[in-house]
1. Restricted to the stretch B:143-159, and to residues that are assigned to a loop (DSSP other than H, G, I, E, B) and facing chain D (nearest Cβ under 8 Å), which residue is surrounded by the fewest Cβ atoms within 10 Å (Cβ to Cβ)?
2. Would you call C:Ile13 open to solvent by 70 Å² or more (accessible area, probe 1.4 Å) and either touching a Gly at 6+ places or on another chain (Cβ under 8 Å) or within 14 Å of chain D (Cβ to nearest Cβ) (or both)?
3. Go over the candidates C:Phe265, C:Phe249, C:Phe255 one by one and state the one that is touching a residue at least 40 places away in the same chain (Cβ under 8 Å), crowded, with 24+ Cβ neighbours inside 10 Å and within 11 Å of chain D (Cβ to nearest Cβ).
4. Of all residues in the stretch D:221-244, how many are more than 13 Å from chain C (Cβ to nearest Cβ) and closer than 15 Å to D:Trp178 by Cβ?
5. Could you check C:Leu160 against (1) more than 14 Å from chain A (Cβ to nearest Cβ); (2) open to solvent by less than 20 Å² (accessible area, probe 1.4 Å); (3) in contact with a helix residue (DSSP H, G or I) (Cβ under 7 Å, 6 or more places away or on another chain) and say which number it fails?
6. Hey, among A:Gln312, A:Gln253, which residue is away from chain D (no Cβ under 14 Å) and not in a helix (DSSP H, G or I)?
7. I'm trying to understand the selection: among the residues of the stretch A:40-73, which are open to solvent by 60 Å² or more (accessible area, probe 1.4 Å), modelled with pLDDT of 90 or more and either assigned to a loop (DSSP other than H, G, I, E, B) or in contact with a helix residue (DSSP H, G or I) (Cβ under 6 Å, 6 or more places away or on another chain) (or both)?
8. Enumerate the pairs (first residue in the stretch D:184-196 and within 14 Å of chain B (Cβ to nearest Cβ); second residue anywhere and open to solvent by 50 Å² or more (accessible area, probe 1.4 Å) and outside any helix (DSSP H, G or I)) with beta-carbon separation below 7 Å, excluding pairs fewer than 6 apart on the same chain, so at least 6 apart or on different chains.
Amino acid sequence: MNSILDIEHLRTHFKTDDGTVRAVDDVSFQVRQGEIVCIVGESGSGKSITAMSVMGLVEGPAGRVVGGNIRFDGEELLKLSRNELRTIRGNEIAMIFQEPMTSLNPVLKIGEQLMEPLIEHRKLNKKAARKRAIELINEVGISRAEQIADSYPHELSGGMLQRIMIAIAISCGPKLLIADEPTTALDVTIQAQILDMLRKFKEESNMSILLITHDLGVVAEMADYVVVMYAGKVVEEGEVVALFENPKHPYTQGLLKSKPIINQRQEELYSIPGQVPNPLELVPSCYFHERCAHCMEICKTTQPALKEVGNQQKVACWLYEEATANV
Amino acid sequence: MSEILQPLLEVNHLKKYFPIKSGLLSRTVGNVKAVDDISFSIKPGETFGLVGESGSGKSTVGRTILRLTDKTDGEVKFKGIDLYDLSPQELRRLRPKMQLIFQDPYSSLNPRVRIGDAIGEALLDHGLVPQAEVRDRVLEVLAACGLSSYHIDRFPHEFSGGQRQRVGIARALVLNPDLIIADEPVSALDVSIQAQIINLFRKMQETRGLTYLFISHDLSVVEHLCSQIGVMYLGSMMERASRDELFRDPLHPYTKALLSAVPVPIPKLKRERIVLSGELPNPADPPSGCKFHTRCPYAVARCREEVPLFRNVGSDRSVACHLV
Amino acid sequence: MRTYISKRIMYMIIILFAASFLIFCLYALTPGDFITGNIKLTPERKEELREIYGLNKPVIERYVTWMNNAFHGDFGYSLSQQKPVLTLFNQYIWNSFLLAIVSTFLTWLVAVVVGVVAAYKQYSWFDTIVMVALFAAMSIPSFFIGLLLIKLLAVDLKWLPPGGMLTTGSNATGLAYVKEVIHHMILPVMVMTLLGVGSLTRYFRSNMIDVIKQDYIRTARAKGLKERKVLFTHALRNALLPAITLVGFELPALFGGSLIIEKIFNWPGIGQLYMQSFSLRDYPLLMGFTLFIAILTVVGTLVSDILYHVADPRVRL
Amino acid sequence: MSTINGEATKAYLSKKSVHTSLWRQSLRRLLKNKLAVFGFVVVAFMFAACFIGPLFSPYTDNKINMAFMNKPPSLKHWLGTDVLGRDVLTRVLQAGRISLTVGLASMVLSVFIGSLLGIIAGYYRGIVDQVIMRIADLLLTIPSLPLLFIFGALLSEWKVPTDYRMYIVMLMLSIVGWPGLARMVRGQMLSLREREFMQAAIVLGLRDRRKLFNHLLPNLVPLLIVIATLNIGGAILSESVLSYFGLGVMAPTPTWGNMIDAANNMIDFQEHPWLWIPPGFSIFATVIAINIFGDGLRDVLDPKQKR
């Protein structure tokens, strides 16, 4: 499988009144064709900013991609002009967001919003675009498509709106779909529907999905490959089964252990102590060291690099550096 | 012994309708039945979990119990006292015994009040401890909730989400309540922080013998904490059972679907999944008969016409389904 | 929706009744009347005239009479001009209306364009300069800027006429007439626009800034739409929505402000008429004008509410 | 478990700067806004100049000096002299005292009435609320200029001594100003009541007095500060209009507004612009500075409120 998205040493910074936040700090990973890659992380881990950097939608002037490469289908996105990037956005790379309720324009009809990318990228005329829009509404499993096309977003439920968002996203047949917490705002029963649908579209069109989530359950259900982020850095990545069965990084281990699982009750949950470090006060170190049970002296002073530890699994942790050095 | 069996909280046929008003004289033309005839009781030391999706009315149940909104009908008994019979003054005096923990740790703390004052002010207002001792009591409860003594003079915006939730818990605990209603207390928190707070809830129950009404949409959290569980859908209770029974053998189709829809962090685990079709019906215009019939994979004609009774099945479990 | 409107209209009528009574009483309180000021009359003749015009009756009785007549479409008779109030209104109001409409149009045009661009370029030099200019426009006393412009542009530079609607003694007709009026209009319209543009532009700018941050703008960009389309189809529509409510407040404010502007520029409008009548204590006219603005205010509020509901698909009644 | 937690937390927080209240935070952010600071400096300068400046002027006695009538600005008289030979600069500063005092005092009064009634309406709701808000609606319906004209005419009729007129003008302006304020404060009170921390206060069983004074009012104060600041500018403008039309404070008490009255005289208007332009610019400079400062205040204290 060839890679469709190749991110190398991506760095995205935000300037605030109190200093610069390195929201995405030297992040590299790949998304291969037809694959679902999940980025997992807590709030502030930089997972959404990574996605926005790919889309070229980092909010300036405070935020800016300051370095690295983003290659999409062989093309370097960071070198494209704004207009060239725009023709890729919504066309070859599409995106859906966390809050379906606020992600659609409240004063435009559903149909109009669905037609826009078709007119913009597929150069359809209004009539053809509307016809296609109605087909798309049907494809995402909503009946009464004609009627829905003429309604406004507030008249639909969150689950329906997320389906519409998916319809907009797949309308131009993208090679890559970025889904940023697409089910976080939805109920579990609706979440199951949406995840099923994403999987279905992926199978049908062989597109790749970059799924961003904090929910390990969703990761286990969807992902082929997992990237774990913490404080702007990738701390671990690997094939989903390997990573869940044999997590290497203490953070990944803690995350997996601290999640209560249905029908697997424990007396006390494992919990990672402390909290995410203040992004303005990061010094060269493993950013997890304050919360880590295996913290060593080197962790407090030097940043570990992401290294392969076999079976396509990579981890950024001094524990394994030493292990490999000793072998 | 008989005292132990006496429930701490009894909710009988509780109803809360939000009127839909219209017309020149604001006549009520319909109702959103947010809570529609709910009954359950909680024994001292027990944790009762109320589960449901958005719009199920679970939060309204909590608020109606605490008289944060008025009930439409039914009764709420706390230690045998009907809360709706109390005068505002009597209710105020009883309040320290029933506390609420909010979902959003950001908006439930006044941004202009120091943490120490936020925790201690109710002690003062109820005259629970002499003024001189308030600070000591606050320090004590801060320590118990995993916060430090120097936090006492800080303002809420100086804390992270998890810490604020600890403050919210400390604010409730300092009053030595008997009952704590926790309304989605961990859903706004990150996974690694969630576990910390869940453990704190557990620890507090063990050391202080608290009784919880734990409202949540997250079945895995509820399973972890609660001994009794009620499942709500569109304002009605669909099933109530002990934790072990409910998770081992869910009876109501909705409970089954809910359980099977929760993603489990074990990749390639093949489970039998019931994916519900359709959306939540409009609560202002709920389906006839069984409210769940529009999405139920097993629905029969009878479900459309007849409202199923919430009836006992087995020793201590009830379910509202014609097919059980 | 219909019941909502009828409810609002009922409340509106009650408020108007109360307002008209209050205004009537206030004018009744105002010292002197039209007859007092006329030194040519003997005291006996004054009493006689008061008797004729009913000025010596108790306030309540006079109010009831006035209201009764008003219901029949008779808003009284101007004592100084010896014409019915409505006739006078009809004669003067269109001149005021002309100023109001033109300056409203200009205000909105400038506000939308400048507001959108400033919001899009938030924190840029352009934005900062615009902001300071807007503050300046909001901080000038209307009569002072009027006087200053007359002094500069009319008296010193002689580019524009200092006041009036037509050159004294002019009997231009047709296109020449129109040209002359436009020439005279420039200064008052300039001042009225300047006065209104500050707050409206700031309002647009902050609306736009809010809207640009919304999720659906991000969606529109993620769809790969052209920036112009994102701004004008997606953002501007949402930013205009809350501003629609302002339309209703604009007219009463402009007519209220016409008192000052028309006086300074000697514009033969209804505000000027009011100012003359005030010194003459011509109560029927004063009452008529004040009530006119009160009605405009109340109706304006209602209209803006309705407009808001019509324009925003989210708000339903 | 909790000890590890506590330690980690401590390590995290001890690095942060000393805890600050929202007030101090706001002040810090305000000081970063250069435009707002500039506005404040100008306002402070205007106040200082008007209240202290005349003490350094050799012409404070307002002696009529026929030898120096209507002289244009010169080194001796920076802004020239008026028809009675009085120094215009000194007059402008003395007028500023009155205008600023009227602006400040009528702001205090209308903010006091408006916020008191708004708080009462928003806190007690029900009948009290209905009555107050209906009165406010009524007053908002009546256009303010005619109302002020009537009051002005009454003042002249009752032969109010000029010294006292100033106080009555303040009162008039606050009568016209309070309904809008009351409405805004009430709205804010109602939305504060719905905030979750107020629900928490109910559950905790706090006393009404504590809810009002410790929870609601501290959150209302930022809005009041912003309103009050911006209101001074509005009041100065209103006073100037009234005085210009001879219905506010009248000569011989000078205010910026009635000094511009000189422009009503065709000769002064055309030939002696130094008589009426300086007071006009004083109003402009003061009001714009207040507006800029007030806007900066709003940015830091009440970011959600706009317009």
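1. Looking only at the stretch B:143-159, we keep the residues that are assigned to a loop (DSSP other than H, G, I, E, B), and these are B:145-148, B:154-155, B:159.
Subsequent filtering for residues that are facing chain D (nearest Cβ under 8 Å) retains B:146-148, B:154-155.
On the way: B:Gly146: 25, B:Leu147: 27, B:Ser148: 16, B:Arg154: 21, B:Phe155: 21.
Among residues in the stretch B:143-159 that are assigned to a loop (DSSP other than H, G, I, E, B) and facing chain D (nearest Cβ under 8 Å), the one surrounded by the fewest Cβ atoms within 10 Å (Cβ to Cβ) is B:Ser148.
2. Details: open to solvent by 70 Å² or more (accessible area, probe 1.4 Å): yes; either touching a Gly at 6+ places or on another chain (Cβ under 8 Å) or within 14 Å of chain D (Cβ to nearest Cβ) (or both): yes.
Yes; evaluated as a whole, the condition is true for this residue.
3. On the way: C:Phe265 fails: within 11 Å of chain D (Cβ to nearest Cβ); C:Phe249 fails: crowded, with 24+ Cβ neighbours inside 10 Å.
Selected residue: C:Phe255, the only one of C:Phe265, C:Phe249, C:Phe255 that is touching a residue at least 40 places away in the same chain (Cβ under 8 Å), crowded, with 24+ Cβ neighbours inside 10 Å and within 11 Å of chain D (Cβ to nearest Cβ).
4. Residues that pass the stated criteria total 4.
5. C:Leu160 satisfies every listed condition except (2).
6. Unique residue meeting the criteria: A:Gln312.
7. Across the stretch A:40-73, the qualifying residue is only A:Asp73.
8. Hits for this filter: D:Glu196/B:Asp104.
The values are calculated or read from the model by the stated rules, or taken from the named source; none is laboratory data. Since the model is a prediction, treat every value here as computed from it, not as a measurement. Don't worry about glycine lacking a Cβ; one is built from the backbone with ideal geometry, like all the others, and counts go over all protein chains shown. Quick note on the areas: whole protein, heavy atoms, side chains included, nothing else; ligands and nucleic acids left out. Shrake-Rupley method; radii C 1.70, N 1.55, O 1.52, S 1.80 Å.
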